[in-house]
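Asker: The structure follows.
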Amino acid sequence: MLVKRIVLSILGALLLLSMATPNAFASIVYIDGNEVWVSSDDGTVKKRLSSGEGDWRQVAQSDNGYVVGVRKEAGKISQMASFTVWDPQGKVAHFGSLSGHVDSGLNVYPNSLDITPDGGLLTYGYSRSFWVGTNFNLVYGTYLKATADGTTAVPLSLTDWQDGTLVGDRVVAHDTNPQVYLQDPSSSGSSAFAPWFTWDTSSPLLSGLSIDRTDVSATGTVLGTEFRDDSFNTQKILLTKAASLGGIYVDDCVLPATGAPSDITISQNAGTIAWRDSRGVVIAGAPDFGGAATCNLTRAPLVISATGAMPSYGPFNPNVIGQPSQPSQPSPPSQPGISSTTSLKVTTKKPKSSKKISIKLRVTASQTPVGAVAISVDGTVVKRVSVKSKSWKSVKLNKLKKGKHRIAATFTGAGFSGSTKTVTVKVR
């Protein structure tokens, strides 16, 4: 038994189960070819959720089927990363910059990524290195960020709580010791944590390894813990059964993988697991927790994607992608919608010859528009900008190839009926 100390027996599973809807569908979201993909958990249905923009780096799925993807262009710093949230119908619900915490020094994020069941709050791990005089500092933490502009949720940086993920709306994280912590109930806006498991990394099995990341089933009864070496490469995944969320230890075993495993994800009902190893994204039944040191999986492993990464389990149905929007599950108040108008002006730096395009956009309505404008070129969204006033806003686009291009600006905002303005420009 690898546990040195087990602390706490808090909360029954009933509270946790109330946070997640039953799995009407079972799927894996993952990154493949720098795009966001969704597959049924038997691999028979696979569809791309992103729009072909490329540069998608991480993805996570909530217990209710919201999906968040993080996009960052190659070679760009973490502060340039953006996020998009898709609702369970496959439509974009929120988007924005992932940046938000203190950004001085060298920042690296997200080191972990998760989203609350209702799609309203993101959590991700970060590291930040900086100098104070001649002293070098390296700080790890977890950041909580609301997905929608104008929300009352306050961004929060939880310093020293590393690689945070979520079970319901509670953060699960670890410290510099081999110890897993669980955020106190109803405390997503605070740093109130209690210890859950402490691992013996002096044991032959875990010698020289440190905790890297965790994932917990919505039932709170199965915990996956990744262990990495000093080069930050995951070497082993330990699966643990607990009596309840925050409850006592029951059993554990090591995941049987091909090559070094990573990116463990556990289904809401604790019956299925998925991970990445040298075979790609792999899905299998959860362990039987019968006392064996190496997990006896209850369903044979199945490779979902040989080139995929970052799997995340949940109830998103890939069959909704490309289908008409469903009227159920409306977004926050939009009844019946205040009429808005989008204006768009396009200019070139050097008339008729420059490939550098500048646009000005403005949204007008009977009250101050608050929302976002998606700017697309020839049908592909290239930029998204927030709107909080009726003033003109200047946006520069990347160089365009010679020829005609269709530029469109689409405004969406809670309480407003969206509007689109389209213009055609010719680049010589």
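Asker: Out of curiosity, is G290 over 28 Å from V45 (Cβ atoms) and not acidic (D, E)?
Answerer: Considered against the rule, which asks whether it is over 28 Å from V45 (Cβ atoms) and not acidic (D, E), G290 comes out as yes.
Asker: Now a separate question. For region 1-40, enumerate the residues that are modelled with pLDDT of 50 or more and in a loop (DSSP other than H, G, I, E, B).
Answerer: If the condition is that a residue be modelled with pLDDT of 50 or more and in a loop (DSSP other than H, G, I, E, B), then A24, F25, A26, G33, N34 are the ones that fit.
Asker: Consider region 53-77. How many of its residues are over 26 Å from R128 (Cα atoms) and of a type in the set (F, W, Y)?
Answerer: Qualifying residue count, region 53-77: 1.
Asker: A follow-up question, please. Out of curiosity, is G291 surrounded by fewer than 19 Cβ atoms within 10 Å (Cβ to Cβ), in the same structural domain as V167 (by TED's automatic domain parsing) and not in a strand (DSSP E or B)?
Answerer: yes
Asker: Do you know which residues across region 297-317 are closer than 14 Å to E35 by Cα and among the β-branched types (V, I, T)?
Answerer: T307
Asker: Of all the strands (runs of 3 or more DSSP E) wholly in region 41-136, which have at least 1 residues that are modelled with pLDDT of 90 or more and touching a Pro at 6+ places or on another chain (Cβ under 7 Å)?
Answerer: Fully inside region 41-136 and qualifying: 46-48, 56-61, 67-71, 121-132.
Asker: Has region 244-264 got at least one residue that is in contact with a strand residue (DSSP E or B) (Cβ under 7 Å, 6 or more places away or on another chain), β-branched (V, I, T), buried (at least 20 other Cβ atoms within 10 Å of the Cβ) and assigned to a strand (DSSP E or B)?
Answerer: Yes, the conditions are met somewhere in region 244-264.
The values are calculated or read from the model by the stated rules, or taken from the named source; none is laboratory data. Since we're looking at a predicted model, the values are computed, not measured. Every residue, glycine as well, gets a Cβ built from its backbone with ideal geometry; the counts of neighbours run over all protein chains shown.
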